[in-house]
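Input: a single structure, listed below in structure tokens.
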Amino acid sequence: MERPVRLEILNTSGTARAGVLHTSHGPINTPAFVAVATKANVKGIDPTQYTQLGIQTIIANTYHLYLSGLEVIAKAGGLHKFMGFAGPIMTDSGGFQVFSLGEGYGKKVSKVEVLQKDSSQKVLGSPSAQPEHFAPNLSAPAVYDEELATSHGKLAIVDEDGVTFTSHIDGSMHRFTPERSIEIQHQLGADIIYAFDECTSPTADREYQKEAMDRTHRWAKRSLATHRQNIDSNKSQAIYGIVQGGRFSDLRIESAKELGSMDFDGYGIGGSFSKEDILGILDQVNAELPADKPRHLLGIGEPEDIFIGVAAGCDTFDCVVPTRNGRNGGIYTKHGKVQIPNVQYQDDFGPLDHGCGCPTCTNHTRAYVHHLFRTHEMLGPILASVHNVYFLTHLVADIRQAIIDGRFDEFRTSFLQQYKVR
RNA sequence: UCCGCGAUAGCUCAAUGGUAGAGCAGCUCCCUGUUAAGGAGUUGGUUCCAGGUUCGAGUCCUGGUCGCGGAG
């Protein structure tokens, strides 16, 4: 069948591969770094600059755009037109946000245990008392963290059909099902959309992890069916399934096998709360996925981790790290990360990174960017984000070229050797 | 010239006569499907000066210095 995305592989190096991912809005040279544009923008960067910064494609978020109002985006004619970006766009299904935000603020969360394993509903959090005022229309939650619930009032309740969650913005109640997430993603109109998955706590026990994974597989089938039934969307948008399994290798492999047998256009590998949980068995996971379909490693993006992902056969990567670090003064350089607000850079008139061709490095000095951070000028985070995004997109582009030229291992070794030196 | 008020960390200010603290700034670190221009930790004092009272003074008394008001 004619798919809305097609991966053309140009060369390989072991399991690493370089190619072109063809989408409805043009090609993506892979491996590629996907800039994170959660709320329809890469924080701090004008969409008209994406191309010159090496941003080929971005990933927006269903949860955030749904809560901020879908109507205006639909009225604008979809994300591409709304943002003024004509290149390929992905949308994450919102599964991650429903759970990470539903569980509470921050990432410590993670006290998921099962009180009643035969229950049909789960509330994320640790087992504790169950308040009667909560969710009166639902049966008693199986898992509940009173501290999180009372301090944040934000919960996600899972049942077989979907997730009921409260908005982190105003506390209002909402519900996502696989069908709903896909419908929203149809309205957003991204070139690549994701199946709705359940992202568990990093410390979830094996029993719950297995249960959540099986449910995610059932949701994957429903997501896929919903998408295939929409003739127009199915023609222009590709759908990726998301591999789960938490930190359990065998579950991960089982998940990859199960999803790989479904007719997705590509695959996302999720649940990467901790990179140790996934990077070590990435090659085994990828081995279970169809070789001719694209693989996206969700949320992974430090340079050293991207090398691992590429080596294992992943084609695309997204990560908040260049923009989040950039906003907060962390600068990527060939010799490692640097904290530009630190006093040692106040009269350093060199570029952020020697030899960098980004607009910031071409036109400005460390001293200037340092000054902007010290004076809390918004241009500081902008210039830093511009540099960091350029750094990562070009690092991955260099990796790609190395694979094409047959010198991936050498490139990896020399880069990491230099990157470690500070 | 007189009267009043004030002087404590880089800044703005706390501290019944009993171990001088806070916020901000500074410094260092952290951020991996963004609730993040965010978060954590932490360094800073001859308490304006000189005397006095007291077991003990940032605090009370005396005299200065500087600043801000008011009167003349």
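With respect to (1) touching a residue at least 60 places away in the same chain (Cβ under 8 Å); (2) crowded, with 23+ Cβ neighbours inside 10 Å, the lone exception for A:Leu297 is condition (1).
Would you be able to say whether some residue in the range A:276-299 is within 9 Å of RNA strand B (Cβ to nearest atom), within 20 Å of A:Val36 (Cα to Cα), assigned to a helix (DSSP H, G or I) and not aromatic (Phe, Trp, Tyr)? Checking the range A:276-299: not a single residue is within 9 Å of RNA strand B (Cβ to nearest atom), within 20 Å of A:Val36 (Cα to Cα), assigned to a helix (DSSP H, G or I) and not aromatic (Phe, Trp, Tyr). Examine the range A:297-305 for a residue that is of a type in the set (A, V, I, L, M) and closer than 22 Å to A:Leu10 by Cα, and state whether such a residue exists. Checking the range A:297-305: at least one residue is of a type in the set (A, V, I, L, M) and closer than 22 Å to A:Leu10 by Cα. Within the range A:76-99, being assigned to a helix (DSSP H, G or I), at pLDDT below 95 and either away from RNA strand B (no atom under 11 Å from the Cβ) or within 28 Å of A:Val396 (Cα to Cα) (or both) holds for A:Gly95, A:Phe96, A:Gln97.
When A:His174, A:His186 are checked against the criterion of being in contact with a helix residue (DSSP H, G or I) (Cβ under 8 Å, 6 or more places away or on another chain), farther than 23 Å from A:Ser261 by Cα and modelled with pLDDT of 95 or more, A:His186 stands alone in meeting it.
Filtered by the rule that a residue be at positive phi and assigned to a strand (DSSP E or B), the range A:151-198 gives no residues. Every test in (1) in a loop (DSSP other than H, G, I, E, B); (2) more than 10 Å from RNA strand B (Cβ to nearest atom) is passed by A:Gly271 save one, and that test is (2). Here A:Gly406 meets the list (1) assigned to a helix (DSSP H, G or I); (2) out of contact with any Phe, Trp or Tyr (no Cβ under 6 Å at 6 or more places or on another chain) almost entirely, failing just condition (1). Kindly evaluate A:Asp347 against the criterion of being part of a loop (DSSP other than H, G, I, E, B) and buried (at least 21 other Cβ atoms within 10 Å of the Cβ). Taking the combined requirement at face value, the residue does not satisfy it.
Report whether or not A:Leu282 is in contact with a Cys (Cβ under 6 Å, 6 or more places away or on another chain) and among the aliphatic types (A, V, I, L, M). Here the answer is no, as A:Leu282 does not meet what is asked.
Going residue by residue through the range A:20-37, is there one that turns out to be surrounded by 18 or more Cβ atoms within 10 Å (Cβ to Cβ) and on the phi > 0 side of the Ramachandran plot? Scanning the range A:20-37 turns up no residue that is surrounded by 18 or more Cβ atoms within 10 Å (Cβ to Cβ) and on the phi > 0 side of the Ramachandran plot. Of all the numbered requirements in (1) within 12 Å of A:Ser385 (Cβ to Cβ); (2) assigned to a loop (DSSP other than H, G, I, E, B), A:Lys39 misses one, and that requirement is (1).
Pairing each residue of the range A:87-100 that is within 20 Å of A:Ser236 (Cα to Cα) with any residue that is within 8 Å of RNA strand B (Cβ to nearest atom) and among the hydroxyl-bearing types (Ser, Thr, Tyr), provided the two are 6+ apart or on different chains, yields C-beta distances under 9 Å for A:Met90/A:Tyr194; A:Thr91/A:Tyr194; A:Asp92/A:Thr38; A:Asp92/A:Tyr63; A:Asp92/A:Tyr194; A:Ser93/A:Tyr63; A:Ser93/A:Tyr194.
Only one of the listed residues (A:Thr375, A:Thr323, A:Thr333, A:Thr360) is over 30 Å from the mean Cα position of the chain (by Cα) and either surrounded by 13 or more Cβ atoms within 10 Å (Cβ to Cβ) or of a type in the set (S, T, N, Q) (or both). That residue is A:Thr375. When A:His387, A:His364, A:His394 are checked against the criterion of being over 18 Å from A:Glu302 (Cα atoms) and not hydrophobic (A, V, I, L, M, F, W, C), A:His364 stands alone in meeting it. Answer yes or no: is there a residue in the range A:246-266 that is surrounded by 20 or more Cβ atoms within 10 Å (Cβ to Cβ), assigned by TED's automatic domain parsing to the domain that holds A:Gln185, at pLDDT below 95 and within 11 Å of RNA strand B (Cβ to nearest atom). Yes: the range A:246-266 contains one or more residues that are surrounded by 20 or more Cβ atoms within 10 Å (Cβ to Cβ), assigned by TED's automatic domain parsing to the domain that holds A:Gln185, at pLDDT below 95 and within 11 Å of RNA strand B (Cβ to nearest atom). Selection over the range A:188-213 of residues that are charged (D, E, K, R) and within 15 Å of RNA strand B (Cβ to nearest atom) gives a count of 2.
For the range A:48-71, a tally of residues being at pLDDT below 95 and away from RNA strand B (no atom under 16 Å from the Cβ) returns 2.
The values are calculated or read from the model by the stated rules, or taken from the named source; none is laboratory data. It should be emphasised that the depicted structure is a prediction, and the values quoted were computed from it without experimental measurement. With ideal geometry, Cβ positions are generated from the backbone for all residues, glycine too; neighbour counts draw on all protein chains shown.
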